[in-house]
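Shown next, in structure tokens, is the structure this report addresses.
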Amino acid sequence: MTPSRLAVGLAALAFVWLGCDSLPGKPTEAERYRRPSEILDFESLYAVNCAGCHGSEGTLGPARPLADSLYLELIGRERMGRVIAEGVPGTAMPTFLDANGGTLTQAQIDAVRDGLFENWWKPPTKAAARKQLPGYAQPAAARAARGGDAFSKYCADCHGADGLGPEAPGERKANGKKGGAVLDPNFLALVSDQMLRTAVIAGRTDLGMPDWRATSDGGPMTEPEINDVVAWMSERRP
Amino acid sequence: MPGLAERARRTFGWFDDRLHLKAIFDSTAGHPIPRRSASWWYVFGSGTLVCFILQIVTGICLALVYVPSPNEAYASLEYLNYEQNLGWFLRGVHNWGSVFMVGLMTIHMIQVFLFGAYKYPRELTWVVGCVLFLLTLGAAFTGQIMRFDQDAYWGLQIGVSIAARIPFVGESIVHLLQGGPIIGAETLSRFFSLHVFVLPGLLIGGIVVHLRLVLTRGINEFPVEGQEVAPETYAAEYEELLEKTGIRFFPDGVDKDIVFAALVLFGIVGCAAILGPPIPNGPADPTLINTAPRPDFYFLSLFAAFALMPPYLEDFVIVYVLPVMVLGLFAIPFLSNVGEKHPRRRPGAVIAATLAMTTLCVMAWEGLDSDWSPHMDAWSGTAVPTHLVEGRTPLELQGALVLQVKQCRNCHALDGSGGKRGPDLSNVATRLTEDQLVRQVLQGGGNMPAYGKNLTPAEVTAVVAFMRTLHPRGQLPARDSAPPAVPASGTAGS
């Protein structure tokens, strides 16, 4: 056998040997089964646990959008972690921490929380915008009695004077920005006060509800007005 | 000094004198066959045998690494897949070898059936062939258990629950198979010994008898239209055929079998290299419920049949229908063993075979595409299509959330995404009126649980309000046929 033939033969052998490792049938690490509790990347965790309600891109789900920098700024990391772990009792938001009967480990919850901020939070550009931001939690010192006025002033335009939506169905169609009934007792029975407050402050920009700065009648709402309108709506709950 | 050839001849003679090698050869591989039987139609039996031999070889190699204990079986597969050089390939060849074996065996049976080869005097060959078929399915089933992953565990459960319904002896069989009242550590060892000792042993024995029968009465002649089988004259006719057109199977009639064997091996190796082995889908652990297990392909049609069947039929099917089908398979040569062999003269047989295969394939397709098991992740992971979110009122949005959090989505799809156990709800408002929706949710029915006790009145109102919006743009939702006595004011056109 001449040296050149030998070289060709060896090269072919090496090719086959190396080729075996790149055959399409070889199981890849990505296909390897991982226990659900070992998954730590944000995309998979979000897709399996949150997308159903908060939307696959973090917007346009039935529950509030999470891909909303203003909202993330409002809630903050620490509270975000707590809400995911504990859920919101009495509403559709489930508890996720395994110790509470959920399906995620603490490490996974941290990964979701950090992922939400890494992907969807941008530092506020203007320092002023940040300063204006109302508090996340509803204070005890709200005056529900005054909330009705705030509602008429800021909300009735879209949600109807009685809070039961635009008078006629056609009206809603004519203006995509009009909102539906928010004082419907069944709706109020299904949501927490915090959800109402969050909606007033951060809006539902994906569905055409503005945040507290841009509500009709010129906004922004003052923090007492926000407190009052939330307390007032809460009182409408049967 | 005698020449080399002469010396070899003498050595062979010495052995032949003592072992009768030539006589053995002449009556086995060298036996005469009708020339037309060396046909491309007649290669499937030997192809199946090639697969079986490959299974033995690869099986022995796998057994070097595989540990038949529940705690280590899964890990040893992962070792083969990810650490052992080409271990994945070995698994792939063994897996595809079994797929090819079952496939070729089925084709072989169909060919034998269509060519009337089971008729006199080859009834027993058919019967033994049926035994081999069942044993092979048994080997395939126990092989799937060897993976001891979620699919295996679940397949085991189904197999066991089928066995349990056999009258009188069901419980004992289950106990024997499981090695106890539940699937446990003992179970895997039992299935392991079935898979590597009992079934291959029986298969080898069965193959020996099967081949012996083929040699004794010769391979089936190629069917000729108008030529009828009659026991009185058959032997003489076959003798004459051999006289006139006989060739030796080896070396004269074997070329097509060799080419086919090479194709089969090539196919198996190719599938293993390109498609790879099945990836174990998680250790067998009953606490992991978020899986959608599915059997290997040979059992897909059975799986589909049981999934589509109403539950009250299951017992009947297991106790009567399946045994009758198996008995029917065995009985074929006893129902008709004379007369025409050519498929063109036996339209009934062709129709029966076509029907059986079509049913099997359709069922297997259903099984492949099946979604009867609820999607356990859909409620939290499958998004509501955005066009069903936009334009909804806050209450309707809450209704969409009820559909998620109460896990309706695990059974019901919206726009095709979600579980498929119940109907897709994207257009439900065109089918059901408000009252009917309320009733369906509260009372369930037809494989849907009743939610009456699990939903608050507000949740029911919300979910029904949302479902009322699920109709194509421009198509009005279904309404009660009786118009309201007093037209509601201000809601015209609702």
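The values are calculated or read from the model by the stated rules, or taken from the named source; none is laboratory data. Remember, it's a predicted structure, so these values are computed and weren't measured experimentally. Note that each Cβ is placed from the backbone with ideal geometry, even for glycine, and that neighbours are counted across all protein chains shown.
Is there any pair with a first residue in segment B:207-227 that is more than 15 Å from B:Met109 (Cα to Cα) and in the same structural domain as B:Gly47 (by TED's automatic domain parsing) and a second that is in a helix (DSSP H, G or I) and of a type in the set (D, E, K, R) whose Cβ atoms are under 8 Å apart and which are 6 or more apart or on different chains, and what are they?
B:Glu221/B:Arg36; B:Phe222/B:Arg36; B:Glu225/B:Arg344; B:Glu225/B:Arg345; B:Gly226/B:Arg345
Hey, among A:Leu207, A:Leu183, which residue is modelled with pLDDT of 90 or more, in contact with a Lys or Arg (Cβ under 7 Å, 6 or more places away or on another chain), within 28 Å of A:Gly58 (Cα to Cα) and outside any helix (DSSP H, G or I)? Don't jump to the end; show me each part of the working.
Details: A:Leu207 fails: in contact with a Lys or Arg (Cβ under 7 Å, 6 or more places away or on another chain).
Only one candidate passes the filter, namely A:Leu183.
Mind checking which residues of segment B:443-462 are outside any loop (DSSP other than H, G, I, E, B) and touching a Lys or Arg at 6+ places or on another chain (Cβ under 9 Å)? Let's see the steps before the verdict.
Within segment B:443-462, the first condition is being outside any loop (DSSP other than H, G, I, E, B), and the residues that meet it are B:443, B:457-462.
If the condition is that a residue be outside any loop (DSSP other than H, G, I, E, B) and touching a Lys or Arg at 6+ places or on another chain (Cβ under 9 Å), then B:Glu459 is the only one that fits.
Within segment A:210-238, track down each residue that is of a type in the set (S, T, N, Q) and modelled with pLDDT under 90.
Within segment A:210-238, A:Thr215, A:Ser216 meet the criteria.
Using beta carbons and a limit of 7 Å, which pairs, at least six apart or on different chains, have the first residue in segment B:172-191 and part of a helix (DSSP H, G or I) and the second one among the aromatic types (Phe, Trp, Tyr)?
Correct list of pairs: B:Leu188/B:Phe148.
Counting just the residues of segment A:74-106 that are among the small types (Gly, Ala, Ser) and in contact with a helix residue (DSSP H, G or I) (Cβ under 6 Å, 6 or more places away or on another chain), which one comes out farthest from A:Val191 (Cα to Cα)? Break it down into steps so the answer makes sense when it comes.
Taking segment A:74-106 first, the residues among the small types (Gly, Ala, Ser) are A:76, A:81, A:85, A:87, A:90, A:92, A:99, A:101-102.
Narrowing the set further to residues that are in contact with a helix residue (DSSP H, G or I) (Cβ under 6 Å, 6 or more places away or on another chain) leaves A:81, A:85, A:92.
On the way: A:Gly81: 20, A:Ala85: 18, A:Ala92: 8 Å.
Among them, the one singled out is A:Gly81.
Please list, ordered by residue number, the helices (runs of 4 or more DSSP H) wholly in segment B:227-286 having 1 or more residues that are within 21 Å of the chain's Cα centre (by Cα) and surrounded by 15 or more Cβ atoms within 10 Å (Cβ to Cβ).
B:255-274
Quick one: would you say B:Gly381 is touching a residue at least 40 places away in the same chain (Cβ under 8 Å) and either away from every other protein chain (no Cβ under 12 Å) or touching a helix residue (DSSP H, G or I) at 6+ places or on another chain (Cβ under 9 Å) (or both)?
On the way: touching a residue at least 40 places away in the same chain (Cβ under 8 Å): no; either away from every other protein chain (no Cβ under 12 Å) or touching a helix residue (DSSP H, G or I) at 6+ places or on another chain (Cβ under 9 Å) (or both): yes.
Spelling it out, it is not the case that B:Gly381 is touching a residue at least 40 places away in the same chain (Cβ under 8 Å) and either away from every other protein chain (no Cβ under 12 Å) or touching a helix residue (DSSP H, G or I) at 6+ places or on another chain (Cβ under 9 Å) (or both).
Looking at B:Leu437, is it more than 13 Å from chain A (Cβ to nearest Cβ), crowded, with 16+ Cβ neighbours inside 10 Å and at pLDDT 95 or above? Walk me through it before giving the result.
Numbers: more than 13 Å from chain A (Cβ to nearest Cβ): yes; crowded, with 16+ Cβ neighbours inside 10 Å: yes; at pLDDT 95 or above: yes.
In short, yes.
To keep it simple, each residue is scored yes or no on (1) over 19 Å from B:Leu211 (Cα atoms); (2) in a helix (DSSP H, G or I); (3) not hydrophobic (A, V, I, L, M, F, W, C).
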position	(1), (2), (3)
B:Ile24	no, yes, no
B:Gly30	no, no, yes
B:Arg36	yes, yes, yes
B:Ser46	no, yes, yes
B:Leu90	yes, yes, no
B:His94	yes, yes, yes
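Pairs needed: first member in segment B:454-480, within 11 Å of chain A (Cβ to nearest Cβ); second member anywhere, surrounded by fewer than 22 Cβ atoms within 10 Å (Cβ to Cβ); C-beta distance under 6 Å; at least 6 residues apart or different chains.
That search, which allows pairs on different chains as well, returns B:Ala458/A:Asn186; B:Ala458/A:Ala189; B:Thr461/A:Asn186; B:Ala462/A:Asn186; B:Val464/B:Val438.
Would you be able to tell me the number of residues in segment B:68-124 that are more than 12 Å from every other protein chain (Cβ to nearest Cβ) and in contact with a Lys or Arg (Cβ under 7 Å, 6 or more places away or on another chain)?
Matching residues across segment B:68-124 total 5.
Scan segment A:63-75 and give yes if some residue there is within 7 Å of chain B (Cβ to nearest Cβ) and of a type outside the set (Ser, Thr, Tyr), otherwise no.
Initially, segment A:63-75 is screened for residues within 7 Å of chain B (Cβ to nearest Cβ), giving A:63.
Filter once more, keeping what is of a type outside the set (Ser, Thr, Tyr): A:63.
Within segment A:63-75 (the criterion being within 7 Å of chain B (Cβ to nearest Cβ) and of a type outside the set (Ser, Thr, Tyr)), the answer is yes, since at least one residue qualifies.
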